[in-house]
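Novice: This is the structure I have questions about; it appears just below.
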Amino acid sequence: MRRATGKCAAITIPAIRGKKNGTAESQLAGVKRAVGGRMDQQRGLIYGQQPGLRFALILDGTGGAREVGWDEIRQWRPAQGVIWVHLERDDPTAARWLREESGLDMVVCDALLAEESRPRIQETTTGLIAVLRGVNRDPNENTLDLVPIHFWADEHRMISLRDKDHYLHALRDIREDLGEGQGPLHIGHLLTKVARRVFKYIEPVLEQLEDEVDAFDHQIEECDVREARGELSDMRRRVISLRRYMAPQREAMFRLQGATGNWITSRDRQHLRELTDKVLRSVETLDALRDRLTILHEDLTTLMSEQIAATTNRLTALTAILLPPSLIAGLLGVNVAGIPFADEPWAFGAVCGTTVGLLIAEVLLLRKMKWL
């Protein structure tokens, strides 16, 4: 989607919004009130029916899964199959369960519940902590914002956490695949799919940002300088914001593909290597965009300097043209006797003609000097 701003074309990242329909919205509101959660309007998935719990699934090992609630989570045993519990990080019920009932070490719990985090992978003796960043696709939020998702993964379970007001399509897609019987088969497969889907939604953002920089580059000479400065600053901020998290995400993927857990199969590692290569190329793309924007900033500064110089030259030329006539008018306007031909009827016409001739001569001279 392109947006015209002045003479400069810019590309915006569209937010995903459903069509507004009064009846449909009222029905949706009724469903949400009935289940006490949030519903994905496009996919028909319901979230957050129980406090702190977005959803929980027990995988059947054949690509499917069944949804469970808090009671079944508390009664779950590894023999029942791999369980995936997706929690709201900033909900006290989820935090209490994680600290008191999950059986995880307090250091692990603190890492999963941390408000500030950066992409990383940290292995422990029993599993690993993963922090990744994905594109927030809530219509009410900035779609370029990369929001954190925290994971704990071991041989039998995965616990993921995100904030209440964040919405990642990556997790929705995997949940939908499991509902259709085409989801991950085991914990390593699940973790790999999550990482791949998280990056899947980052790629279009990078591609559209690259298109926006290309469009700006091609039209910079036609742009209004003030508007161009604003657009350029906005693009530079977005590139910096994306690279801030993509660079450590690259390092996290390197560590994830080298994780020692035997529950990550060789096929999973192969997929992780391919994903790591894509993340690496994305960081290189961001580096290239940052360098290009620096060059464009220099070009824009040069363009502004040239415009200022041209304006200054025009004003200087205008001053040079008007100075001699002003001098003549000043001399003839002095209130003293002795001005030649003051009483002659043709004197005024002669002065005007001389002044016009002088102006023409000055214009020709300035044009020859290329000041005009």
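Novice: Sort out which residues of region 104-122 are at pLDDT 90 or above and touching a helix residue (DSSP H, G or I) at 6+ places or on another chain (Cβ under 8 Å), and write them in order of number.
Specialist: Across region 104-122, the qualifying residues are 104, 106, 109, 112, 113, 119, 120, 121, 122.
Novice: Sort out which residues of region 324-372 are in a loop (DSSP other than H, G, I, E, B), of a type in the set (A, V, I, L, M) and free of Cβ contacts under 8 Å to residues at least 24 places away in the same chain, and write them in order of number.
Specialist: Of everything in region 324-372, those that are in a loop (DSSP other than H, G, I, E, B), of a type in the set (A, V, I, L, M) and free of Cβ contacts under 8 Å to residues at least 24 places away in the same chain turn out to be 334, 336, 337, 339, 342, 369.
Novice: Is it true that some residue in region 168-179 is free of Cβ contacts under 8 Å to residues at least 40 places away in the same chain and assigned to a loop (DSSP other than H, G, I, E, B)?
Specialist: yes
Novice: State which residue is surrounded by the most Cβ atoms within 10 Å (Cβ to Cβ) when the search covers only region 94-109 and only residues that are of a type in the set (Gly, Ala, Ser) and farther than 21 Å from residue 123 by Cα.
Specialist: Taking the candidates together, the pick is 94.
Novice: Something else about it: Out of region 196-242, which residues are in a helix (DSSP H, G or I), under 13 Å from the mean Cα position of the chain (by Cα) and within 25 Å of residue 172 (Cα to Cα)?
Specialist: 203, 204, 205, 206, 207, 208, 209, 241, 242
Novice: While we're here: Just give me the residues in region 155-169 being within 13 Å of residue 127 (Cα to Cα) and surrounded by fewer than 17 Cβ atoms within 10 Å (Cβ to Cβ), in sequence order.
Specialist: Residue satisfying the conditions is 155 alone.
Yes/no per residue for (1) within 23 Å of residue 193 (Cβ to Cβ); (2) surrounded by fewer than 18 Cβ atoms within 10 Å (Cβ to Cβ); (3) at pLDDT 90 or above; (4) outside the structural domain of residue 112 (by TED's automatic domain parsing):
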| residue | (1), (2), (3), (4) |
| --- | --- |
| 50 | no, yes, no, no |
| 53 | yes, no, yes, no |
| 56 | yes, no, yes, no |
| 63 | yes, yes, no, no |
| 69 | no, yes, yes, no |
| 75 | no, yes, yes, no |
| 83 | yes, no, yes, no |
| 86 | yes, no, yes, no |
| 92 | no, yes, yes, no |
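Novice: Suppose we filter 206, 128 for residues that are surrounded by 15 or more Cβ atoms within 10 Å (Cβ to Cβ) and within 21 Å of residue 286 (Cβ to Cβ); which single one remains?
Specialist: 206
Novice: Mind checking whether some residue in region 264-274 is of a type in the set (Lys, Arg), part of a helix (DSSP H, G or I) and within 21 Å of residue 155 (Cβ to Cβ)?
Specialist: yes
Novice: Taking residue 147 as the residue in question, decide whether it is crowded, with 21+ Cβ neighbours inside 10 Å, among the β-branched types (Val, Ile, Thr) and under 19 Å from residue 244 (Cβ atoms).
Specialist: Spelling it out, it is not the case that residue 147 is crowded, with 21+ Cβ neighbours inside 10 Å, among the β-branched types (Val, Ile, Thr) and under 19 Å from residue 244 (Cβ atoms).
The values are calculated or read from the model by the stated rules, or taken from the named source; none is laboratory data. Predicted model, so just to flag it, every value in this text is computed and none were measured. Glycine also receives a Cβ, built like all others from the backbone with ideal geometry; neighbour counts cover every protein chain displayed.
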